[in-house]
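Participant: Dumping the structure here so I can ask a few things about it.
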Amino acid sequence: MSVIMKNKQTLQIAILSLLAVGLLAVIFYTPVWWVSLTAPNYPEEAFPNGVRIHFHMNGVFNGCQKVEKEEITEDVALDCVHEMDTINHYVGMYPIAAGGPVERAFGQFLMVLLVVMLLGFVCTHPKLRMAIMGVGFAGIVAWMYLTMYGDDGFNLQNEGYVHALITSLDQDASSETKEPEIVIGGIVGAVKQSLEDSGVEVVLPSEKERAEMAEARSGSDKVYLIQQIRETYDRDQEKGQAEGPWNGSSFQVMSWHYAKSLGRYFNNPAEIKPMVKKLKLAVNVVFAGLIGAMLLLLYGARKNSGLLYWLLIMVPMALPLFFLIDYSAWLWWYGHTLNDMGAFSVKPFMPTVFGVGKVAQFSTHSYPSSGFGIMIVCSLVLAVAALIRKMQYRE
């Protein structure tokens, strides 16, 4: 095969792979799947899409929109994540935040890992490929360690993930919340006024706290959201409901948040503590497993053939399949891990993965969203790139 033809094919593969990288970035910020509950007590006039939630790669978000009709007035949209949790807990189902905690926390690292794999696949020279992948993998490992175990590593998480944690706690996740005015009266008010008249500046603790929150908001929404999470953690720590003082690592926040989510409706420490222990083990195993996978891929990158080499494009190409497997597995877990403290006792069941299902008076709607469609397009683009590379090496 001529050098010109070879270079042309390499360029085609590079363009397709870079297109796939762009699609992966879009997927991360796009809803991949949606689920909706409809019932007679949720009329279509007020709930045109039912009680709806959106699944992203980094969390579960509200899918309900503000209804603006003459007969209905809403200042803000209903928080349908909380609404669905409320509905589900009656049959003993754990909150939505209890599902996929590790996947959501590692989501940003997994997406970047796929990007590095595709960049390695584009390169046809093994030594250069190993150098590119080695630098990329080293950066991911350092980023993961600082985020998961480093002090204040939670700050390195993406804003969407932090926002989803706040929402699952049913806290205000909006930076537009109005602070209540401080009204001081009686003897305290008189003393304050007297001091100010004498030229003494008086700053109340509540005013100081409000100023700190305002400063946090002026920085970014993520800073403000993390501040909210930390304040909630500190209150729980004072009550003995959180382990140790705040260090700000993702590992600490994840463990605490998971326990808090599990105990939101079913506060049974005897059941929750073993589940939190499993989560901590899973985080450590996934962390070590990802490092092992990177080393294995780096070993396979030393030549232009073999299963390990083709995994560089086969894994990103199979992203829709991985999502469906993970999504289905967690639905099974929800339906087969029902808490006895639920208001109603039901037999274990498999929630609807795709299509319309029925549970009591509720109809469940579960369908792919735009992000899943982009996943399919990305897989097709990568399939073409893999086909060109196969032809290239065969010739």
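Nothing in this text is a laboratory measurement; each read-out follows from the coordinates by a stated rule. Small disclaimer: the values here were computed from a predicted structure and weren't measured. When we count neighbours, we look across all protein chains shown, and the Cβ atoms used for this are built from the backbone with ideal geometry, even at glycine.
Participant: Which entries in the list K280/K358; K6/K390; K222/K260; K239/K277 go over 23 Å, if you measure between the two C-alpha atoms of each?
Facilitator: With Cα atoms farther than 23 Å apart: K280/K358.
Participant: Need the C-alpha centroid separation for the stretch 87-161 versus the stretch 242-271, integer Å.
Facilitator: 21
Participant: Under the definition of Cα pairs under 8 Å and six or more residues apart, what whole-number percent is the relative contact order of the stretch 236-334?
Facilitator: 13
Participant: Would the stretch 287-395 count as rounded, prolate or oblate if I go by the C-alpha gyration tensor, calling it rounded below 1.5 in a/c and otherwise prolate when a/b exceeds b/c, oblate otherwise?
Facilitator: Oblate is the answer for the stretch 287-395, as a/c is 1.5 or above yet b/c matches or exceeds a/b.
Participant: If R0 is 25 Å, what FRET efficiency do you get for W332 and A360 from their C-beta distance, rounded to 0.05?
Facilitator: Plugging the Cβ-Cβ distance into 1/(1 + (r/R0)^6) gives 0.85.
Participant: Then there's this: Per residue and in Å³, how big is the convex hull formed by the alpha-carbon atoms of the stretch 245-313?
Facilitator: Cα-based convex hull of the stretch 245-313, divided per residue, equals 127 Å³.
Participant: Which order results if Y393, Y327 are arranged by neighbouring Cβ count within 10 Å, fewest first?
Facilitator: Y393, Y327
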